[in-house]
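Step one of this worksheet: look at the structure below.
The values are calculated or read from the model by the stated rules, or taken from the named source; none is laboratory data. Note that the structure is predicted; figures quoted are calculated from it, not measured. Heads up, the Cβs are rebuilt from the backbone with ideal geometry, glycines too, and the neighbour counts pull from every protein chain shown.
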Amino acid sequence: MSEHIYEIPLNDYFGKKNGECPFCGIRKMLENNEIEAITGASMMEPSIRIKTNEQGFCAKHFDSMLKVGKKLPVALMIQSHMETIYSNFERMKPEKFEKYIFSLQNDCYICRRVEYNMENVFSNFFDMWEKDAKFKQLAGEQSVFCLPDFQKMIFYGQKYLSKKEFLTFYGVIYEIQKKHLEELLDDIDWFCKKFDYRFREESWKNSKDAPERAVRTITSVYPEGKNGNFDKI
Ligand SMILES: [Zn+2]
Ligand SMILES: [Zn+2]
């Protein structure tokens with residue numbers, strides 16, 4: 001159970017074409033699987049408990065576990081993690097304890113697992129790009145990538161593809177992203193113009209959630225913001 005390999009459904013997520021970054025969709029799915037596993041079958045497994053005691057969780061994933069998991073098992077996991085922290089606190093000199101807390105703040109069992117699996121996702125992605133003509137076409141039909149995943153496509157593309165093939169690949173994703181960024185810029189431009197009295201009576205067009213969509217593209221996270229409540233603007 002501890003190191004189960006995911007069937008990576010690249011075709012499914014690239015086939016959705018729902019206006020969201022397909023890699024973000026896969027990441028969300030992996031994240032949900034990890035949260036389900038850690039609050040379920042993996043919870044009591046000693047080898048995993050050793051890892052969660054050491055690595056802990058980030059605030060976001062502690063929150064997900066507390067929301068999804070049963071109260072007592074999640075509390076037991078937090079208790080044994082706290083015990084590890086306390087024993088380090090007792091025995092470490094301040095310089096060492098400072099470094100330990102710093103690394104703990106930047107560590108998370110679930111983030112590590114998701115990132116590890118995302119590496120496989122990108123390796124599979126470029127494997128399919130090279131060998132599967134249908135998938136290559138599907139990849140070229142996307143309309144949006146978030147910037148963090150655009151960075152990863154460049155990073156892993158240079159790693160897995162020949163120089164020549166990488167340039168072809170970059171040409172494809174460059175055109176997709178250029179169109180996407182230009183549309184976002186148009187939308188946010190219109191959003192700002194709507195505050196000018198001369199445009200007050202005109203339609204919002206597609207701009208109502210332009211700031212939120214821009215943040216999602218920049219960070220990969222759609223912010224709660226005003227949740228479309230435009231009376232508060
Ligand atoms: Zn993304
Ligand atoms: Zn995390």
Worksheet item: Which numbered condition trips up Lys134, out of (1) surrounded by 11 or more Cβ atoms within 10 Å (Cβ to Cβ); (2) within 25 Å of Pro9 (Cβ to Cβ)?
Response: (1)
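Here's the yes/no breakdown for (1) under 20 Å from Cys21 (Cβ atoms); (2) of a type in the set (Phe, Trp, Tyr):
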residue: Met65; (1), (2): no, no
residue: Gln79; (1), (2): no, no
residue: Glu83; (1), (2): no, no
residue: Phe102; (1), (2): no, yes
residue: Gln105; (1), (2): no, no
residue: Cys108; (1), (2): no, no
residue: Lys131; (1), (2): no, no
residue: Phe155; (1), (2): yes, yes
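Filter segment 114-168 down to residues that are basic (Lys, Arg) and not assigned by TED's automatic domain parsing to the domain that holds Val221, then give me how many there are.
So the answer is 3.
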Worksheet item: Any residue at all in segment 215-233 that is among the β-branched types (Val, Ile, Thr) and loosely packed, with under 12 Cβ neighbours inside 10 Å?
Response: yes
Discussion item. Testing Glu20 on (1) farther than 22 Å from Gln151 by Cβ; (2) touching a Lys or Arg at 6+ places or on another chain (Cβ under 9 Å); (3) at pLDDT below 95, one condition comes back false. Which one is that?
Written reply: (1)
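Yes or no, residue by residue, for (1) surrounded by fewer than 17 Cβ atoms within 10 Å (Cβ to Cβ); (2) under 23 Å from Glu31 (Cβ atoms); (3) charged (D, E, K, R):
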site	(1), (2), (3)
Ser123	yes, yes, no
Leu147	yes, yes, no
Ile173	no, no, no
Ile176	no, no, no
Phe195	yes, no, no
Practice prompt. Kindly indicate whether any position in segment 17-33 is in contact with a Ser or Thr (Cβ under 6 Å, 6 or more places away or on another chain), within 16 Å of ligand 1 (Cβ to nearest atom) and either in a helix (DSSP H, G or I) or not small (Gly, Ala, Ser) (or both).
Written response: yes
Worksheet item: Among all residue pairs at least 6 apart or on different chains, which show Cβ distances below 6 Å where the first residue, located in segment 94-113, is assigned by TED's automatic domain parsing to the domain that holds Ala37 and the second is among the β-branched types (Val, Ile, Thr) and part of a helix (DSSP H, G or I)?
Response: Tyr109/Thr52
Worksheet item: Taking Lys205, is it modelled with pLDDT of 95 or more, more than 16 Å from ligand 2 (Cβ to nearest atom) and touching a helix residue (DSSP H, G or I) at 6+ places or on another chain (Cβ under 9 Å)?
Response: no
Fill in: Within segment 72-117, tally of residues that are β-branched (Val, Ile, Thr), over 20 Å from Glu34 (Cβ atoms) and in contact with a helix residue (DSSP H, G or I) (Cβ under 7 Å, 6 or more places away or on another chain)
1
